[in-house]
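Student: Below you will find the structure I want to go over with you.
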Amino acid sequence: NVGTAKTICLLDSTNIGATAISGNTYAWTSVPAGFTSTDANPKVSPAVTTKYYLTETITATGCMNMDSVIVTVNPLPAANPGTASTICFGGNTNIGAAAVSGNTYAWTSNPAGFTSTNANPNVAPTVTTTYYLTETITATGCFDMDSVVVTVNPLPAANASSSRGLCIGDSTNSGAAFVTGNTYSWTSSPVGFTSNLANPTFAPNLTAMYYLTETDSLTGCFKKDSVKITVNPIPAATVREPKTICNGESVRIGVGPAAGSTFAWISNPNGFTSNVSDPLVSPSTTITYYLTETITATGCMNMDSIKVTVNQLPTVTTLTDTICVGDTA
């Protein structure tokens, strides 16, 4: 008894023959050649379809009989998960290969979370992930498994700093500390500014957007960021033309008020202060007045000064005398 014909998948095994009978001996051979056994019910794992021949002999009489059985071997599918790949965080790639008609596909992952029945799915892992493919030939049920690793490289920080405002004529730095091995590229809108520094200085004369691309030279991964720098105008800080007065006279030194601005006056020599936009002054000596005007909403300020020259009065001396009518003095 050789058992019934069997069909297996490549790399599987099966038993042939039947239960041993006491006092009998068993001898198996095969075509293609290569297999021998003296078991009544041996386990076989052929790589190709194979015919097994059994000779069973009754030891006591020497009588023998022969039979054969075929074990058909169906091939396994390719289960091609593709080649290992490396992507940047936020990127994606395809794994697997072209679908084979009649086959089915089942993907899982480690870390868990990904499943697909596509032969060649697109994946976008956020960490390095191993993807496991089970491909099954529907007609035979034969399946095979393989895996592929997708390595995820991190992006650089690309920190362009937070948006801010500054006063025209001022400067500011933006960006962050230099990271060894990384490269930096800055552009602007409106165009005109470029830099390869990690933390360049900006001195714009109008509001602009600045765009940073930071690249990891080792992996080629890059990230972009932007910062808006708003340029605020400075106030006029207008004073009058230099004045010359006589000692004891008064003069105004500023102009009318400006909505949203504050004013601060000081003098040299010291002694004068005022918070009005157009103060009236009566200096007794030549003096310079300094104005600081500040726009309250933005803090932007400007300064100017005016010199008031004071001319001293002449000395007047009078004399009282007494004369007789007809005399002169």
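The values are calculated or read from the model by the stated rules, or taken from the named source; none is laboratory data. Just so it is clear, the structure is predicted and the values come from calculations on it, not from any experiment. Cβ coordinates were reconstructed from backbone atoms using ideal geometry, including for glycine residues, and neighbour counts include every protein chain displayed. The protein model used for the area step is the full one, side chains on, heavy atoms only, and it has no ligands, DNA or RNA in it. Shrake-Rupley method; radii C 1.70, N 1.55, O 1.52, S 1.80 Å.
Student: Got a sec? Charge dipole of the stretch 231-329, +1 on Cβ for Lys and Arg, -1 for Asp and Glu; which of Ile306, Thr285, Gly260 is way out at the positive end?
Tutor: Gly260
Student: What are the ³J(HN,Hα) values, in whole Hz, obtained from phi via the Karplus relation 6.51 cos²θ - 1.76 cosθ + 1.60 with θ = phi - 60°, for each residue of the stretch 220-233 in sequence order, with x given for Gly and Pro?
Tutor: Values, residue by residue: x, 6, 9, 9, 10, 8, 9, 9, 9, 10, 8, 9, 9, x Hz.
Student: Let me ask something else about it. Volume per residue, Å³, of the convex hull around the alpha-carbon atoms of the stretch 1-49? Don't skip to the answer; put the middle values down first.
Tutor: Values: hull volume 3.5 nm³, N = 49.
Enclosed volume per residue, from the Cα hull, is 71 Å³.
Student: Leaving out ligands, DNA and RNA, what percent of the accessible area of the stretch 172-241 is carbon and sulfur, probe 1.4 Å? Write out the running numbers ahead of the final one.
Tutor: Working: 2150 of 3900 Å².
Roughly 55 percent of what the probe reaches on the stretch 172-241 is carbon or sulfur.
Student: If you don't mind, another one. If you plug each phi of the stretch 191-208 into the Karplus form 6.51 cos²θ - 1.76 cosθ + 1.60 with θ = phi - 60°, what whole-Hz ³J(HN,Hα) values come out, in order, with x for Gly and Pro?
Tutor: Along the stretch 191-208, the couplings run 5, x, 10, 9, 6, 10, 8, 6, 9, x, 9, 10, 9, x, 10, 8, 5, 8 Hz.
Student: Just to confirm my understanding: which cysteines in the chain have no other cysteine beta carbon less than 4.7 Å from their beta carbon?
Tutor: Cys63, Cys246, Cys324
Student: Out of every Cα-Cα pair in the stretch 138-291, what percent are more than 18 Å apart? Show your work: numbers first, answer last.
Tutor: On the way: 8391 of 11781 pairs.
Counting every Cα pair in the stretch 138-291, those more than 18 Å apart make up 71 percent.
Student: Tell me the per residue accessible area of the chain using a 1.4 Å probe; a whole number in Å² is fine.
Tutor: About 58 Å² of surface per residue is accessible.
Student: For the stretch 135-223, what is Rg from Cα atoms divided by 2.2 N^0.38 Å, rounded to two decimals? All intermediate terms of the calculation are to be shown ahead of the outcome.
Tutor: Details: Rg = 22.5 Å, N = 89, 2.2 N^0.38 = 12.1 Å.
Taking the Cα Rg and dividing by 2.2 N^0.38 Å, one obtains 1.86.
Student: From the P(r) of the stretch 1-117, can you give the percent of Cα pairs sitting at distances over 20 Å?
Tutor: Numbers: 3958 of 6786 pairs.
For the stretch 1-117, the fraction of Cα-Cα distances above 20 Å is 58 percent.
Student: For the stretch 109-148, with all protein chains present and a 1.4 Å probe, just round the carbon and sulfur fraction of the accessible area to a whole percent.
Tutor: Working: 1120 of 2160 Å².
Taking all protein chains in place, the stretch 109-148 shows 52 percent carbon and sulfur surface.
Student: Moving to a separate point now. Amide H neighbours of Ser30 under 5 Å, counting only residues 5+ apart in sequence or on other chains, H built in-plane at 1.01 Å?
Tutor: Phe35, Tyr53
Student: Another one. Toward the positive end of the charge dipole of the chain, about the Cα centre and with charges on Cβ (Lys, Arg +1; Asp, Glu -1), which of Ser161, Pro77, Ser274 goes farthest?
Tutor: Value: Pro77.
Student: Solvent-accessible area of Ile8, probe 1.4 Å, all protein chains present, reported in Å² to the nearest ten, please.
Tutor: 20
Student: Further, regarding this structure: Ile168's amide H: which non-local residues (gap 5+, or another chain) put their own amide H closer than 5 Å, with H modeled 1.01 Å from N in plane and none for Pro or chain starts?
Tutor: Asn232, Ile234
Student: Moving on to the next point. Between Ala5 and Cys246, what is the label-to-label distance in nm when each label sits 7 Å out along the Cα-to-Cβ direction?
Tutor: Distance between label points: 13.8 nm.
Student: Sticking with this one: Regarding the stretch 268-329, what are the three Cα extents along the principal axes, ordered largest first, in Å?
Tutor: Ordered largest first, the stretch 268-329 gives principal extents of 80, 17, 16 Å.
Student: Treating the beta-carbon of each Lys and Arg as +1 and of each Asp and Glu as -1, no other charges, what is the dipole magnitude of the chain about its Cα centre, to the nearest 20 debye? Don't jump to the answer; show the numbers that get you there.
Tutor: Values: 11 positive and 18 negative charges, 63 e Å.
For the chain, the charge dipole is close to 300 debye.
Student: Among all the aspartates and glutamates, which ones have a C-alpha under 13 Å from Lys43's C-alpha, if same-chain residues fewer than 8 places away are not counted?
Tutor: Lys43 reaches Asp12.
Student: Tell me, what does the Kirkwood hydrodynamic radius of the chain come to in angstroms if you use every pair of distinct C-alpha atoms? Display every interim value, and only then the final one.
Tutor: Numbers: mean 1/r = 0.0327 Å⁻¹.
Hydrodynamic radius (Kirkwood, Cα pairs) of the chain is 30.6 Å.
Student: Along the stretch 78-89, what does the Karplus equation 6.51 cos²θ - 1.76 cosθ + 1.60 (θ = phi - 60°) give for ³J(HN,Hα), rounded to whole Hz, x for Gly and Pro?
Tutor: Rounded to whole hertz, the list is 5, 6, 8, x, x, 8, 4, 9, 10, 10, 8, 3.
Student: Quick one: which residues, 5+ away or cross-chain, put their amide H under 5 Å from the amide H of Gly82? H built at 1.01 Å from N.
Tutor: Those lying under 5 Å, H to H, from Gly82 are Gly96.
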